[in-house]
Every structure is written in C-alpha cells, then in structure tokens.
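Data first, discussion second: the structure below is written as structure tokens.
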Amino acid sequence: MEDILVEKAVKTGKTRALPVGLPIKSNYILGIETSCDETAAAVVENGRTVLSNVIHSQIDLHRAYGGVVPEIASRAHLEKISFCVDKALEESGKALADINAVAVTYGPGLVGALLTGLSYAKGLALALGVPLIGVNHIEGHICANYIDNSRFKPPFLCLVASGGHTALVIVRGGDSYEVVGQTTDDAAGEAFDKAARALGLSYPGGPAIDEAARTASGNRAINFPRPRMSEDNFDFSFSGLKSAVLNYINKEREREARPDVPETAAAFQEAVVDVLTEKTVRAALHYKIKKVALSGGVSANSALRARMRRACKENGLTLYLPDTRYCTDNAVMIATRSYFDYCAGKYSDFSLNAAPGLRLARAGE
C-alpha cells in the first residue's frame, strides 16, 4: 500500500508518505461500522495489519421479521457500540492514547444506524484530539481486498455485491473509484433474502440459499431467467429473477405440490452467479483490466467464488478474493480504507453528517 501512497504524495505534494521500504512509523486507526445490522469496531496498524476485529451481529434480533428493522437496529447499535470499541482496544493491546485516528462509516446505510456510529466516533475523536475520517461504506467493502493481499494494488475491477448494492467499479487509485455498471432495481443480496423467505429458509438469505443448494442433485430441471445478461452493458437487474422464483413456487402450490427447496435454491443461485460472473468478466475484458476482485456479503457465496475462479482463469484474468471474514460488514475494511486519507492528511470536519443515500460516481458523471 505504501507505494500507492508515495505516488499520490508526489502528485499532491503531501509529505506524509515515505518511500517503499521506509514505512511511516506505526500508526493505529480505530474503525467503527454501524451502517446496517452489525455493530463493529477494529484496530488496524498501518492500513493492513489487523490487530482486532470485533463484530456484534443483530441477526437474531431481526430474524423474526425476515429482514432488518431500522428502529431495532439503531437501538442495538446504541447498546453495543461502547462494548465493541472497548473489546477492540483490549484485543489489540492498544490504549486510547495509542490511537492516531478514528474512522467511521457515514454512508450509505440506515440513517439512524449511521448516526449512532458517527456521533460516537465524533465524540471519541474530539476527546482524543485525533483526526476523524468519514468512510464510504462501499469503498470500505472494496478495500477489504487489501487486508490479506499485502502486494495487491490498483488498478483493478471490483464486483461489489451485497444486500444493498450491486455494482462494477474500476479502482484506479487509493481514492479513485468509477462505477461502470450497477443494478437498476434489487441488489443481488436483497434477491437472495427474498428468494430464501419465499422458500421458507432462514434469514439472512444468502448463507441459507448457499447451504440448501449444496444438497441439490445437480439435475437442474428448473431454469430461471438470466436478466440483462445479453445486453450490451454492464448493468444488473434481479427484480425479474426474484419474481420468477415467486411465480414458480406459487404454481407448484396451485397444483398442490411442494417445491423442491434444494433444487429451487440451486437454480436461483446459479442464475445469479451466471449473471454476476458474465458481466464482471465481460467488463474486465472490455476495459482491458487484468485484475478482478470481489467484495460485499454476496462475495462469500461458495458458488460465486468457484465460478469466478474458473471464468477468470479461462480468460487470463487474475482474481482476488477477500477472506470471508471481511466480506460481510466489518470495521477492519473501514479502517483500511481510511488509511489512504490519513496518510494524505484528508480528514473529515466534525460537521460531517450521515449520508444514507451516498453512492459512488458512475462513469461520465
């Protein structure tokens, strides 16, 4: 990562970054993530060395509702954020006095959840007299690829696939992101949740569909559509696929038959994976980018990882995958993303507000 920062420093005149082989003295960033239903805190050294990674999941709280309830999520963040920060510091072996900056997600996400983390981070940074660094949650997911890949650096094409976002992003530098394709309706993770609910599987839907599909026969008697796959663009659409699953289940019930859950789950998952893989590889070849990365909760899906490995190998592309620990929401990725801004001296003002609709710029915008 240091060589990226050195290049940026030369261009901008910043002097915080030192040449490769002469790293900046150790700095410790406390990351905080509360954009949805995970309360997370982490301490990361020099942008990549994970000293602690604490996540308090709210899955059990929301499972009864089949999805995240914003009010419940905000309340749970408020109850657990101090505990998570304290535990992250304890596990890292660092004290508050050792922290050089506080990084926090400020969007996109649920507004109440974001405000909880942002308010806490502001108070902590102010009390410690250290910089506050606001992080775009989507950029955080992309930067999860840096954590276990010590020499990985831009440029690369990243597929962001999660419950709220599905996009293809060209990463040209530490803070240079360009969206070249995105979903026009449902995100891939959202489609997984809705299909799982229709099949009577548990929440969250992604892992439930993945697990059910493993027990399918492989016969593939069910065939769902691959929306927008033949179009000459890199956009996605999963609303129609979700509807196709619901229609299939309803037709089975009308003829008093029970849908085969593993086979239906496998057919649905295969359709999603086909679309994500085809569009990603096609975009990489179109933009002549040899490195491809995955990010977001859906990138933990075993079928997607396997299919993407094969497709990239067949097309002469190098694939990078974050550890599954860093695919879902976590604070390590937030601290890692903030390291670029920390070294460049780009800090957030304490007037920073939550931005629930925050997004990355699409090409041409």
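Any read-out appearing in this document is the output of simple, stated calculations on the displayed coordinates, not a laboratory observation. Nothing here was measured: the structure is a model prediction, and the numbers come from that model. Methodologically, a virtual Cβ is constructed for each residue, glycine included, from the backbone with ideal geometry; neighbour enumeration extends over all protein chains shown.
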Taking region 34-85, the whole-percent share of alpha-carbon pairs separated by over 13 angstrom is 58
To the nearest 10 degrees, how steep is helix 332-344 against the longest Cα principal axis of the chain, on a 0 to 90 scale? 40
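Which value, in debye to the nearest 20, gives the size of the charge dipole of region 156-321 about its Cα centre, when Lys and Arg are +1 and Asp and Glu are -1 at the Cβ? Walk me through the intermediate numbers first.
Numbers: 22 positive and 20 negative charges, 106 e Å.
That gives a dipole near 500 debye.
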Quick check on the chain: helices-only [θ] at 222 nm, where DSSP H runs of length 4 and up contribute -39,500 (n - 2.57) each and the sum goes over total residues. Nearest 500, please. -13500 deg cm²/dmol
Farthest towards the positive end of the dipole of the chain, among 280, 143, 331 and with Cβ unit charges of +1 on Lys and Arg and -1 on Asp and Glu, lies the Cα of 280
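I'd like to know how region 276-365 sits against the 2.2 N^0.38 Å rule of thumb: what's its Cα Rg over that expected value? Walk me through the numbers before you get to the answer.
Details: Rg = 16.3 Å, N = 90, 2.2 N^0.38 = 12.2 Å.
Working it through for region 276-365, the quotient is 1.34.
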Among 196, 121, 216, which one moves the most in a GNM of the chain with springs linking Cα atoms closer than 10 Å? 216
In degrees between 0 and 90, to the nearest 10, how far off the longest principal axis of the chain does helix 2-12 point, with axes built from Cα atoms? 70
Provide the per-residue ³J(HN,Hα) series for region 195-208, in order, calculated from phi with Karplus coefficients 6.51, -1.76, 1.60 and θ = phi - 60°, each as a whole number of Hz, with x at glycine and proline positions. 5, 5, 4, 5, 8, x, 8, 7, 9, x, x, x, x, 5
For q = 0.19 Å⁻¹, Debye-computed log10 I/I(0) when each Cα of region 169-301 counts as one equal scatterer: -1.08
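Highest mean first, what order results for 188-195, 306-313 on Cβ atoms within 10 Å?
Descending mean neighbour count gives 188-195, 306-313.
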Top mean-square fluctuation among 334, 289, 170, Gaussian network model of the chain, C-alpha springs under 10 Å? 289
Using only Cα atoms, tell me the angle between helix 70-92 and the longest principal axis of the chain; keep it within 0 to 90° and round to the nearest 10. 50
Which translational diffusion coefficient, to the nearest whole µm²/s, is obtained for region 130-180 from the Stokes-Einstein equation, given a Kirkwood hydrodynamic radius over C-alpha pairs, 20 °C and 1.002 mPa s? 182
From the list (i) 138; (ii) 183; (iii) 468, can you say which value of volume of the Cα convex hull per residue in Å³ was derived from the structure given? (i)
GNM top mover of 96, 241, 157 - the chain, alpha-carbon springs below 10 Å: 96
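Show me 246-252, 208-214 ranked by packing, highest mean number of other Cβ atoms within 10 Å first.
208-214, 246-252
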